[in-house]
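Trainee: If you scroll down you'll find the structure; I have some questions about it.
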Amino acid sequence: MQRFVDDVSIQVESGHGGAGAVSFRRERYVPRGGPDGGDGGRGGNVVVRTRRNLKTLVHLTGGALYAAENGQPGQKRRRNGRDGKDRILEVPPGTTIRDLETGEVLADIDEHSHDIVLLTGGRGGKGNTHFKSSTHQTPRFAQPGEPGQTRRLRVELKLIADVGLVGLPNVGKSSLLQALTAAQPRIGNYPFTTRIPNLGVLRYRDQDIVLADIPGIIEGAAEGAGLGHQFLRHISRTAGLALLIDVTDPDPEHTYRTLLAELDKFDPGMRHKRRLVVATKCDLDPQTGQLRQMTAACAPEQVIGVSAATRHGLDTLVRRLAHMAAAADLAEEAAPGVEHGGRGADDE
Ligand SMILES: Nc1nc2c(ncn2[C@@H]2O[C@H](COP(=O)(O)OP(=O)(O)OP(=O)(O)O)[C@@H](O)[C@H]2O)c(=O)[nH]1
Ligand SMILES: [Mg+2]
């Protein structure tokens, strides 16, 4: 299985500028020709480009150094050196690029980002033609090219899924992802089976809905309990959340409040996301007594009962998930550029 890469460190280098040339015209019958050294080419830039169809940073793990090309030196007969080629780093939307040493954010990439120049190449040096003056007819010097720049970067990817699956450990988040999409997450009857997020794409009519299955959160996650809550950053830009609660949970109301409280501690913006509550493993509750209890506990929130094992309720769930993702897309079209985290109930 391909590892989900969301955090890599790399070094980038823009190109050096080419040196200006020192050269003099040599023509027959002209004993002492004037200077004709061309300029050096500009060093290549390091550029970040958004690629929507990338889902990971795995392509950045191969080499540690990403260098742009140097500019070529100037030539005689006033010919300028060629500019160095830019080095393009392709990243998916949701990528944040920081300076590794200072932590300064250099680029925050979303769907609408254009190319961003991270490092500019060095300027080419001027050839000796530029240094001719009335007192200095034969300048025997030219400018060197400007050096390129080097920077160490930390590249992090936040998944931009449409809907995040949130719940205590072992409630069946990964099983639901597997039942709804082609993803093959690891499933196990023990807590914290999932340690890195899994993405799956759900097709509903002509709509693609990206679901994110993340590790389970528990009470005190904000203080580091369990796997902590840092992985919640993977769903911080989703349009909506599905809160999964095991139908056999002895205290669904407490669980519901715990989930909301932990989300809130991570980022108060989570509260404004669209959400729905899903009762999982409903095959274990054939009389639906526990489902009714949970529905009462989470009121006025609507609870959808499902079973990944028998596929009961999945059609209804898919419709609701699709509706949630589509409503968010519409809101985004109406107000482009709005951060995903900030929209939700307020702008309906
Ligand atoms: N009876 C029944 N068992 C289920 C159902 N869905 C999941 N399970 C079982 O519940 C256990 C946990 O399932 P997972 O999908 O790994 O749960 P998770 O929420 O992803 O767990 P973590 O990643 O550890 O947080 C496994 O033993 C599953 O077989 C269901 O619909 N019915
Ligand atoms: Mg899991």
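Trainee: Looking at region 185-221 only, could you name the residues that are touching a Ser or Thr at 6+ places or on another chain (Cβ under 8 Å), more than 15 Å from ligand 2 (Cβ to nearest atom) and more than 24 Å from ALA327 (Cα to Cα)?
Mentor: Selection gives GLU219 alone.
Trainee: Conditions: (1) under 18 Å from LEU241 (Cβ atoms); (2) touching a residue at least 40 places away in the same chain (Cβ under 8 Å). PRO144 meets all but one. Number of the miss?
Mentor: PRO144 satisfies every listed condition except (1).
Trainee: Here's another thing I want to ask about it. Taking the condition of being in contact with a helix residue (DSSP H, G or I) (Cβ under 6 Å, 6 or more places away or on another chain) and modelled with pLDDT under 95, how many residues in region 13-35 meet it?
Mentor: Going through region 13-35, the residues in contact with a helix residue (DSSP H, G or I) (Cβ under 6 Å, 6 or more places away or on another chain) turn out to be 22, 35.
Cutting the leftovers down to modelled with pLDDT under 95 gives us 35.
Qualifying residue count for the region: 1.
Trainee: To continue, here is another question. Name, by its number, the condition in (1) farther than 24 Å from GLY94 by Cβ; (2) hydroxyl-bearing (Ser, Thr, Tyr); (3) under 24 Å from the mean Cα position of the chain (by Cα) that does not hold for SER174.
Mentor: (1)
Trainee: Identify all residues within region 152-167 that are under 19 Å from THR238 (Cβ atoms) and more than 7 Å from ligand 1 (Cβ to nearest atom); write none if there are none. Reasoning before the result, please.
Mentor: So the first thing to find is which residues in region 152-167 are under 19 Å from THR238 (Cβ atoms), and the list is 156-167.
Across region 152-167, the qualifying residues are GLU156, LEU157, LYS158, LEU159, ILE160, ALA161, ASP162, VAL163, GLY164, LEU165, VAL166.
Trainee: For region 283-311, enumerate the residues that are farther than 15 Å from THR255 by Cβ, in contact (Cβ under 8 Å) with a residue 12 or more places away in the chain and out of contact with any helix residue (DSSP H, G or I) (no Cβ under 6 Å at 6 or more places or on another chain).
Mentor: Hits for region 283-311 are ASP283, LEU284, THR288, GLN302, ARG311.
Trainee: Take the residues of region 126-157 that are within 30 Å of LEU211 (Cβ to Cβ) and surrounded by fewer than 21 Cβ atoms within 10 Å (Cβ to Cβ): which is farthest from ligand 2 (Cβ to nearest atom)?
Mentor: ARG154
Trainee: Restricting attention to region 198-217, does a residue exist that is within 12 Å of ligand 1 (Cβ to nearest atom) and surrounded by fewer than 21 Cβ atoms within 10 Å (Cβ to Cβ)?
Mentor: No, because not a single residue in region 198-217 is within 12 Å of ligand 1 (Cβ to nearest atom) and surrounded by fewer than 21 Cβ atoms within 10 Å (Cβ to Cβ).
Trainee: So, of the residues in region 44-88 that are surrounded by 22 or more Cβ atoms within 10 Å (Cβ to Cβ) and aliphatic (A, V, I, L, M), which turns out to be farthest from the chain's Cα centre (by Cα)?
Mentor: ALA68
Trainee: Testing ILE304 on (1) part of a helix (DSSP H, G or I); (2) at pLDDT 95 or above; (3) of a type in the set (A, V, I, L, M), one condition comes back false. Which one is that?
Mentor: For ILE304, the exception is condition (1).
Trainee: For the subset of region 22-43 comprising residues that are among the acidic types (Asp, Glu) and crowded, with 19+ Cβ neighbours inside 10 Å, which member is farthest from the chain's Cα centre (by Cα)?
Mentor: First, pick out the residues of region 22-43 that are among the acidic types (Asp, Glu): 27, 36, 39.
With crowded, with 19+ Cβ neighbours inside 10 Å added as a condition, the list becomes 36, 39.
Numbers: ASP36: 49, ASP39: 40 Å.
Among those residues, the one meeting the criterion is ASP36.
Trainee: Further question on the same structure: Identify, by number, the condition in (1) among the acidic types (Asp, Glu); (2) in contact with a strand residue (DSSP E or B) (Cβ under 8 Å, 6 or more places away or on another chain); (3) surrounded by 14 or more Cβ atoms within 10 Å (Cβ to Cβ) that GLU104 doesn't meet.
Mentor: (3)
Trainee: Any residue at all in region 121-139 that is touching a residue at least 12 places away in the same chain (Cβ under 8 Å), more than 10 Å from ligand 1 (Cβ to nearest atom) and under 28 Å from PRO93 (Cβ atoms)? Walk me through it before giving the result.
Mentor: In the first step, residues of region 121-139 are kept if they are touching a residue at least 12 places away in the same chain (Cβ under 8 Å); the result is 121-132, 137-139.
Among the residues that remain, those that are also more than 10 Å from ligand 1 (Cβ to nearest atom) are: 121-132, 137-139.
So of that shortlist, the ones also under 28 Å from PRO93 (Cβ atoms) come out as 121.
Yes; the residues of region 121-139 include at least one that is touching a residue at least 12 places away in the same chain (Cβ under 8 Å), more than 10 Å from ligand 1 (Cβ to nearest atom) and under 28 Å from PRO93 (Cβ atoms).
Trainee: Then there is this: crowded, with 20+ Cβ neighbours inside 10 Å and closer than 21 Å to PRO197 by Cβ: does that describe ALA221? Steps first, please.
Mentor: Values: crowded, with 20+ Cβ neighbours inside 10 Å: yes; closer than 21 Å to PRO197 by Cβ: yes.
Yes.
Trainee: Can you name every residue in region 213-255 that is part of a helix (DSSP H, G or I) and in contact with a Phe, Trp or Tyr (Cβ under 7 Å, 6 or more places away or on another chain)? Step through it out loud before you land on a result.
Mentor: Taking region 213-255 first, the residues part of a helix (DSSP H, G or I) are 221-223, 230-235, 252-255.
Of everything in region 213-255, those that are part of a helix (DSSP H, G or I) and in contact with a Phe, Trp or Tyr (Cβ under 7 Å, 6 or more places away or on another chain) turn out to be ALA222, LEU232.
Trainee: Taking the residues in region 158-197 that are among the polar types (S, T, N, Q) and part of a loop (DSSP other than H, G, I, E, B) as candidates, determine which candidate is surrounded by the fewest Cβ atoms within 10 Å (Cβ to Cβ). Before you say what the answer is, go through the steps one by one.
Mentor: Taking region 158-197 as the starting set, the residues that turn out to be among the polar types (S, T, N, Q) are 170, 174-175, 178, 181, 184, 189, 193-194.
From what's left, part of a loop (DSSP other than H, G, I, E, B): 170, 181, 184, 189, 193-194.
Numbers: ASN170: 20, THR181: 19, GLN184: 12, ASN189: 6, THR193: 17, THR194: 23.
For region 158-197, the residue satisfying everything is ASN189.
The values are calculated or read from the model by the stated rules, or taken from the named source; none is laboratory data. Keep in mind that this is a model prediction, so the values were computed, not measured. Cβ: placed from backbone, ideal geometry, glycine included. Neighbour counts: every protein chain shown.
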